[in-house]
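Chemist: Submitted below is the structure of interest, expressed as structure tokens.
The values are calculated or read from the model by the stated rules, or taken from the named source; none is laboratory data. Every value quoted in this text rests on a predicted model; they were computed, and no experiment measured them. Heads up, the Cβs are rebuilt from the backbone with ideal geometry, glycines too, and the neighbour counts pull from every protein chain shown. Remember, those area values only see protein heavy atoms, side chains included, never the ligands or the DNA or RNA. Shrake-Rupley method; radii C 1.70, N 1.55, O 1.52, S 1.80 Å.
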Amino acid sequence: MSEMDRKGGASSDSRDPADEGLQVTRPHGTRRGMEPSSVRRFRLTVLEGPSPGTVWESGADRCSIGSHPLNDLVLDDETVSRFHCEVRIGTDGARVKDLDSLNGVVVDGVQVLESFLRGGSLLRLGRATVRFDFSSERNKLPLSDTTRLGSLVGTSAVMRACFARMERAAGTDVTVLLEGETGTGKSQAAQAIHQSSSRRDRPFLIVDCGAIPANLLESELFGHEKGAFTGAASRRVGAFEEAQGGTIFLDEIGEIPLELQAKLLRVLEERQIRRLGSNVHVPVDVRIIAATHRDLRAEVNAGRFRSDLFFRLAVVRISLPALRERPEDIPVIAEQLLAGAGADPERLAPLRTPEFLSRLQQFAWPGNVRELRNYLERCLVFEEAMPLSEEDGPAWNVPSTLSALPYPEARRRAIDEFERRYLQSLLERHQGKVAQAAAEAQMDRVYFYRLMRRHNLKP
């Protein structure tokens, strides 16, 4: 029974999809988990429901189905959610994923959250029935020639496809929505797009919408006039005005409360803001990049996110892959992280062996690149390859250099060493910009400065 099935239902296909000989063709030398430069084309045919007989054929690796006009296949029926499900094809076959729809997704008679598809599978979406079929042709995925963009690195096809979309987005001023799990590098992607754009010499401002209380977020974004509310002792310019001519990065956009979403929508449509306590509208010239670890389509279905705001944000959607989806990139990512640690070569040598790197590639990394960075920094602090999981052994094997000291002193030295290297790595990655480093660390800027003084670090 697959973990992806819901309500105790069996998977629509519990076998390896490649065994069917129809779902996927894997190029010679391509490992499971590695995306090819082309994918199998597929076709969707509406059998029952609105516009029966309608045929949609893929031009890429995925298709969104729902009643909202932003979908690839639009099913205008009241029983179909605005964003009902998504079909995606890769080296492991074709899958359908329910986007928290109201009436669910039924594949060949079984209701599922996510399931493999085989040729001829029937998808029941509300009153609509859609048949899935494979085509004999393949769709070529656009890949970038580069394996590095900003601070992001990757040689895998899935990452180079991501780079290609980022490069195309950087050549325009359109609004970009970055999607991906926590730790996949969405803030680094936003910076890379900004640095590759015509606005590179103008400000790049980060607003973490999930870290600022809802009652203060409006003032943070739009500013306020003196006396606009209790505690507003002076006029304050908001992030949109401060980023004039440049780029504003709205991290965790899915955390913005509904009442503020309407005001943000007006900014996107009219390109002007109004400070709290003011009746004057101020024009702003900014490029907006938003990011979220949530699937905003599911949030729209649940009524927690405005569909019109999603429509304005998702002009270009770029999904950053999880680290487990590109294990072949782990050695080059680890090398970049270790090179930025500033440690002596002899201390880095054990962390660069093929055996160590192979272990890293076998781990799932639920926290993605951020977890990998923290793990490597922990290995440097304790001067040995730390266990990757509880099954590998004790989580904290204290080196002899520390175990010879009294516990309070050993603990203090370990924490000090970790803090210093952690701060130093952040500052190097953000070119000494404390505000951006503190934002990534999810740390108050004042406390970040205090730690810098404690460890004698300067921007």
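Chemist: Quick check on my filter: what residues within region 257-287 are of a type in the set (Val, Ile, Thr) and over 22 Å from Pro213 (Cβ atoms)? Show your work before the answer.
Modeler: Quick first cut of region 257-287, residues of a type in the set (Val, Ile, Thr) only: 267, 273, 280, 282, 284, 286.
The answer is Val280, Val282, Val284, Val286.
Chemist: Let me ask something else. Taking Ser278, is it under 25 Å from the mean Cα position of the chain (by Cα) and among the hydroxyl-bearing types (Ser, Thr, Tyr)? It would help to see each step written out before you state the result.
Modeler: Numbers: under 25 Å from the mean Cα position of the chain (by Cα): no; among the hydroxyl-bearing types (Ser, Thr, Tyr): yes.
Criteria not met by Ser278.
Chemist: Kindly evaluate Ala334 against the criterion of being touching a helix residue (DSSP H, G or I) at 6+ places or on another chain (Cβ under 7 Å), farther than 22 Å from Met159 by Cβ and surrounded by 15 or more Cβ atoms within 10 Å (Cβ to Cβ).
Modeler: On the way: touching a helix residue (DSSP H, G or I) at 6+ places or on another chain (Cβ under 7 Å): yes; farther than 22 Å from Met159 by Cβ: no; surrounded by 15 or more Cβ atoms within 10 Å (Cβ to Cβ): yes.
So Ala334 fails the test.
Chemist: Turning to a different aspect of this structure: May I ask you to list the residues in region 349-392 that are of a type in the set (Val, Ile, Thr) and out of contact with any helix residue (DSSP H, G or I) (no Cβ under 9 Å at 6 or more places or on another chain)? Show your work before the answer.
Modeler: Taking region 349-392 as the starting set, the residues that turn out to be of a type in the set (Val, Ile, Thr) are 353, 369, 381.
Answer for region 349-392, where residues must be of a type in the set (Val, Ile, Thr) and out of contact with any helix residue (DSSP H, G or I) (no Cβ under 9 Å at 6 or more places or on another chain): just Thr353.
Chemist: Being in a helix (DSSP H, G or I), among the small types (Gly, Ala, Ser) and either more than 31 Å from the chain's Cα centre (by Cα) or more than 23 Å from Gly185 (Cα to Cα) (or both) is the filter here, so list the residues in region 207-250 that pass it. Before the answer, list the steps.
Modeler: We begin by selecting, within region 207-250, every residue in a helix (DSSP H, G or I); these are 214-222, 239-242.
In the following step, the residues that additionally are among the small types (Gly, Ala, Ser) were identified as 214, 219, 239.
Across region 207-250, the qualifying residues are Ala214, Ser219.
Chemist: If we only count strands (runs of 3 or more DSSP E) wholly inside region 281-395, which ones have 3 or more residues that are within 23 Å of Arg165 (Cβ to Cβ) and of a type in the set (Asp, Glu)?
Modeler: Details: elements: 281-283, 287-292, 316-319.
Filter on region 281-395 gives an empty set.
Chemist: Moving on to the next point. Going by what's in this entry, would Ala414 be described as modelled with pLDDT of 80 or more, open to solvent by less than 50 Å² (accessible area, probe 1.4 Å) and not aromatic (Phe, Trp, Tyr)?
Modeler: Working: modelled with pLDDT of 80 or more: no; open to solvent by less than 50 Å² (accessible area, probe 1.4 Å): yes; not aromatic (Phe, Trp, Tyr): yes.
It is false that Ala414 is modelled with pLDDT of 80 or more, open to solvent by less than 50 Å² (accessible area, probe 1.4 Å) and not aromatic (Phe, Trp, Tyr).
Chemist: Also, I was wondering about something else. Exactly one of (1) in a loop (DSSP other than H, G, I, E, B); (2) closer than 19 Å to Arg370 by Cβ; (3) open to solvent by less than 60 Å² (accessible area, probe 1.4 Å) is unmet by Glu181. Its number?
Modeler: Only one criterion in (1) in a loop (DSSP other than H, G, I, E, B); (2) closer than 19 Å to Arg370 by Cβ; (3) open to solvent by less than 60 Å² (accessible area, probe 1.4 Å) is unmet by Glu181, namely (3).
Chemist: For residues in region 263-280 being out of contact with any helix residue (DSSP H, G or I) (no Cβ under 6 Å at 6 or more places or on another chain) and part of a loop (DSSP other than H, G, I, E, B), which is least open to solvent (accessible area, probe 1.4 Å)? Before the answer, list the steps.
Modeler: Within region 263-280, the subset out of contact with any helix residue (DSSP H, G or I) (no Cβ under 6 Å at 6 or more places or on another chain) is 263-264, 266-267, 269-272, 274, 277-280.
When the remaining residues are screened for being part of a loop (DSSP other than H, G, I, E, B), the result is 271, 277-280.
Numbers: Arg271: 74, Gly277: 67, Ser278: 13, Asn279: 142, Val280: 93 Å².
Per the criteria, the residue is Ser278.
Chemist: Just to be sure I understand, how many residues within region 154-179 are more than 21 Å from Ser37 (Cβ to Cβ) and within 14 Å of the chain's Cα centre (by Cα)? If you could, list the steps in order and put the result at the bottom.
Modeler: Step one: list which residues in region 154-179 are more than 21 Å from Ser37 (Cβ to Cβ), which gives 170-179.
Subset that is within 14 Å of the chain's Cα centre (by Cα): 176-179.
Counting residues in region 154-179 that are more than 21 Å from Ser37 (Cβ to Cβ) and within 14 Å of the chain's Cα centre (by Cα) gives 4.
Chemist: Could you go through region 41-51 and let me know if any residue there is modelled with pLDDT of 50 or more, within 17 Å of Val105 (Cα to Cα) and of a type in the set (Asp, Glu).
Modeler: Checked against the condition, which is being modelled with pLDDT of 50 or more, within 17 Å of Val105 (Cα to Cα) and of a type in the set (Asp, Glu), region 41-51 yields at least one hit.
Chemist: Based on this model, can you work out whether Gln436 counts as touching a strand residue (DSSP E or B) at 6+ places or on another chain (Cβ under 8 Å), open to solvent by 40 Å² or more (accessible area, probe 1.4 Å) and touching a residue at least 40 places away in the same chain (Cβ under 8 Å)? Steps first, please.
Modeler: Numbers: touching a strand residue (DSSP E or B) at 6+ places or on another chain (Cβ under 8 Å): yes; open to solvent by 40 Å² or more (accessible area, probe 1.4 Å): no; touching a residue at least 40 places away in the same chain (Cβ under 8 Å): yes.
The answer is no for Gln436.
Chemist: Inspect region 52-66 for any residue being closer than 27 Å to Gly303 by Cβ and open to solvent by 50 Å² or more (accessible area, probe 1.4 Å) and give the result as yes or no.
Modeler: Quick first cut of region 52-66, residues closer than 27 Å to Gly303 by Cβ only: 62-66.
Okay, now just the ones that are also open to solvent by 50 Å² or more (accessible area, probe 1.4 Å), so 62.
The answer is yes, given that some residue of region 52-66 is closer than 27 Å to Gly303 by Cβ and open to solvent by 50 Å² or more (accessible area, probe 1.4 Å).
Chemist: Residues that are aromatic (Phe, Trp, Tyr) and modelled with pLDDT of 90 or more: does region 384-406 have at least one? Don't jump to the end; show me each part of the working.
Modeler: Keep residues of region 384-406 that are aromatic (Phe, Trp, Tyr), which gives 396.
Those left that are additionally modelled with pLDDT of 90 or more: none.
Looking through region 384-406, none of the residues is aromatic (Phe, Trp, Tyr) and modelled with pLDDT of 90 or more.
Chemist: Here's a follow-up. Looking only at region 67-110, which residues are of a type in the set (Asp, Glu) and open to solvent by 30 Å² or more (accessible area, probe 1.4 Å)? Working first, answer last.
Modeler: Step one: of region 67-110, the residues of a type in the set (Asp, Glu) are 72, 76-78, 86, 92, 98, 100, 108.
Once the filter is applied, which keeps residues that are of a type in the set (Asp, Glu) and open to solvent by 30 Å² or more (accessible area, probe 1.4 Å), region 67-110 yields Asp72, Asp76, Glu78, Asp92, Asp100, Asp108.
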